[in-house]
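Asker: Structure incoming, see below.
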């Protein structure tokens with residue numbers, strides 16, 4: 001059964017349906033609320049609907065950046081791992097009995 | 001100088017200001033538009049403003065999940081690295097001259 005959770009974002013109450021627990025739903029709502037407030041401080045007089053769109057774009061940007069950094073890190077870890085394996089193989093080579 | 005980029009989300013045009021290039025801004029807009037369409041298909045008759053909020057929450061959820069998976073992965077990589085170092089040390093121990 002899915003939970004029905006009440007959250008407040010930018011002065012309005014919303015009902016979320018999902019498997020998330022109360023604390024997590026509040027954390028998500030607080031994050032979106034914070035982003036909308038940030039957007040509002042940069043562009044006064046903007047409608048809440050547009051602020052929500054701008055917040056969504058901003059959060060999508062953070063998601064894309066994190067994905068991109070993760071991809072770069074995976075490549076780096078792969079390269080480093082290969083370097084270490086090569087180095088170990090060289091070290092063992094020195095002990096090799098001909 | 002910051003770019004001014006026009007994007008279309010859910011039938012409305014928005015002007016984004018930032019350092020992002022055209023292609024990236026369009027990618028972000030398409031992502032938010034897709035999320036709003038998904039939300040709309042699950043809750044018909046919902047206002048675009050609420051759909052934008054739900055999309056923002058949904059994208060924040062993806063961001064949080066990715067952060068959490070990355071943290072778990074970092075711990076796993078740390079553990080595996082320690083295991084490998086210990087194993088290498090044991091291997092070298094066998095070659096040690098007393």
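The values are calculated or read from the model by the stated rules, or taken from the named source; none is laboratory data. Note that this is a predicted model, so its numbers are computed, not measured. Using ideal geometry, Cβ is built from the backbone for each residue, glycine included, and neighbour counts are taken over all protein chains shown.
Asker: Among the residues of segment A:13-28, which ones are at the interface with another protein chain (Cβ under 8 Å from one of its Cβ atoms) and touching a residue at least 12 places away in the same chain (Cβ under 8 Å)?
Answerer: Within segment A:13-28, A:14, A:16, A:20, A:28 meet the criteria.
Asker: Okay, next question. Would you pick out the residues in segment A:45-67 that are more than 17 Å from the chain's Cα centre (by Cα) and within 21 Å of residue B:6 (Cβ to Cβ)?
Answerer: If the condition is that a residue be more than 17 Å from the chain's Cα centre (by Cα) and within 21 Å of residue B:6 (Cβ to Cβ), then A:45, A:46, A:47, A:49, A:50, A:51, A:52, A:53 are the ones that fit.
Asker: While we're here: Given the criteria within 11 Å of chain B (Cβ to nearest Cβ), out of contact with any helix residue (DSSP H, G or I) (no Cβ under 7 Å at 6 or more places or on another chain), modelled with pLDDT under 90 and part of a helix (DSSP H, G or I), does residue A:94 qualify?
Answerer: The answer is yes for residue A:94.
Asker: Still on this model: Evaluate the following for residue A:79: is it more than 10 Å from chain B (Cβ to nearest Cβ), farther than 17 Å from residue B:47 by Cα and part of a helix (DSSP H, G or I)?
Answerer: Details: more than 10 Å from chain B (Cβ to nearest Cβ): yes; farther than 17 Å from residue B:47 by Cα: yes; part of a helix (DSSP H, G or I): yes.
In short, yes.
Asker: Sticking with this structure for a sec: Does segment B:1-21 hold any residues that are farther than 18 Å from residue A:51 by Cα and touching a strand residue (DSSP E or B) at 6+ places or on another chain (Cβ under 6 Å), and which are they?
Answerer: Scanning segment B:1-21 gives a single hit, B:2.
Asker: Tell me which residues, restricted to segment A:35-49, are under 24 Å from residue A:16 (Cα atoms) and either touching a helix residue (DSSP H, G or I) at 6+ places or on another chain (Cβ under 8 Å) or facing chain B (nearest Cβ under 10 Å) (or both).
Answerer: Start the filter on segment A:35-49 by keeping residues that are under 24 Å from residue A:16 (Cα atoms), which leaves A:35-40, A:47-49.
Within segment A:35-49, A:35, A:36, A:38, A:39, A:40, A:47, A:48, A:49 meet the criteria.
Asker: Let me ask you something else. With more than 9 Å from chain A (Cβ to nearest Cβ), surrounded by 11 or more Cβ atoms within 10 Å (Cβ to Cβ) and assigned to a helix (DSSP H, G or I) as the only criterion, which of B:59, B:53, B:85 stands out? Talk me through it step by step, then tell me what you get.
Answerer: On the way: B:59 fails: more than 9 Å from chain A (Cβ to nearest Cβ); B:53 fails: more than 9 Å from chain A (Cβ to nearest Cβ).
After applying the criteria, what remains is B:85.
Asker: Might you check whether a residue that is touching a strand residue (DSSP E or B) at 6+ places or on another chain (Cβ under 7 Å) and part of a helix (DSSP H, G or I) occurs anywhere in segment A:64-74?
Answerer: no
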